[in-house]
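Colleague: One structure follows; several queries about it will come next.
None of the figures in this text is laboratory data; all of them are computed from the coordinates on show. Bear in mind the structure is a predicted one, so any value in this text is a computation, not a measurement. Virtual Cβ from ideal backbone geometry, glycine too; neighbours counted across all protein chains shown.
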Amino acid sequence: MQNTIGLLAGILTAIASMPQLIKIIKEKKPTDLSAFMLIILIAGFCFWIWYGILKDDLPILITNSFSLIVNSSILGLKFNYSKR
């Protein structure tokens, strides 16, 4: 039961950034996004992943790894499209 709750919470948190990523890809305009906020968020995901490794907790590892990929993509697109 605990793993199910943790996994559900992690999945919802992980997919929360997906609409932003899709919007940036469609519009190619990352306006009003703070790179600093994304960097802090990405650092937080790295620490969650580290914590998941230390605790040997698969739900924490999987969901935060996915979140790291999504938010790193958003940051990369922000820099890429901002240069244009």
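Colleague: Looking only at the stretch 15-27, count how many residues are surrounded by 11 or more Cβ atoms within 10 Å (Cβ to Cβ) and either not β-branched (Val, Ile, Thr) or not in a helix (DSSP H, G or I) (or both). Show your work before the answer.
Modeller: Taking the stretch 15-27 as the starting set, the residues that turn out to be surrounded by 11 or more Cβ atoms within 10 Å (Cβ to Cβ) are 15-18, 20-21, 23-25.
If we keep only those that are either not β-branched (Val, Ile, Thr) or not in a helix (DSSP H, G or I) (or both) as well, we get 16-18, 20-21, 23.
Counting residues in the stretch 15-27 that are surrounded by 11 or more Cβ atoms within 10 Å (Cβ to Cβ) and either not β-branched (Val, Ile, Thr) or not in a helix (DSSP H, G or I) (or both) gives 6.
Colleague: What is the number of the single condition among (1) surrounded by 12 or more Cβ atoms within 10 Å (Cβ to Cβ); (2) under 11 Å from the mean Cα position of the chain (by Cα); (3) closer than 23 Å to residue 6 by Cβ that residue 58 does not meet?
Modeller: Only one criterion in (1) surrounded by 12 or more Cβ atoms within 10 Å (Cβ to Cβ); (2) under 11 Å from the mean Cα position of the chain (by Cα); (3) closer than 23 Å to residue 6 by Cβ is unmet by residue 58, namely (2).
Colleague: So if I check each of 12, 33, 38, 77, which one is surrounded by fewer than 13 Cβ atoms within 10 Å (Cβ to Cβ) and without any contact (Cβ under 8 Å) to a residue 60 or more places away in the chain?
Modeller: Values: 33 fails: surrounded by fewer than 13 Cβ atoms within 10 Å (Cβ to Cβ); 38 fails: surrounded by fewer than 13 Cβ atoms within 10 Å (Cβ to Cβ); 77 fails: surrounded by fewer than 13 Cβ atoms within 10 Å (Cβ to Cβ).
Matching residue, one of 12, 33, 38, 77: 12.
Colleague: How many residues does the stretch 1-22 contain that are of a type in the set (S, T, N, Q) and within 11 Å of the chain's Cα centre (by Cα)? So that I can check it myself, show each step before the final result.
Modeller: Here is the first cut: in the stretch 1-22, the residues of a type in the set (S, T, N, Q) are 2-4, 13, 17, 20.
Filter once more, so that each one left must be within 11 Å of the chain's Cα centre (by Cα): 13, 17, 20.
Adding up the residues that qualify gives 3.
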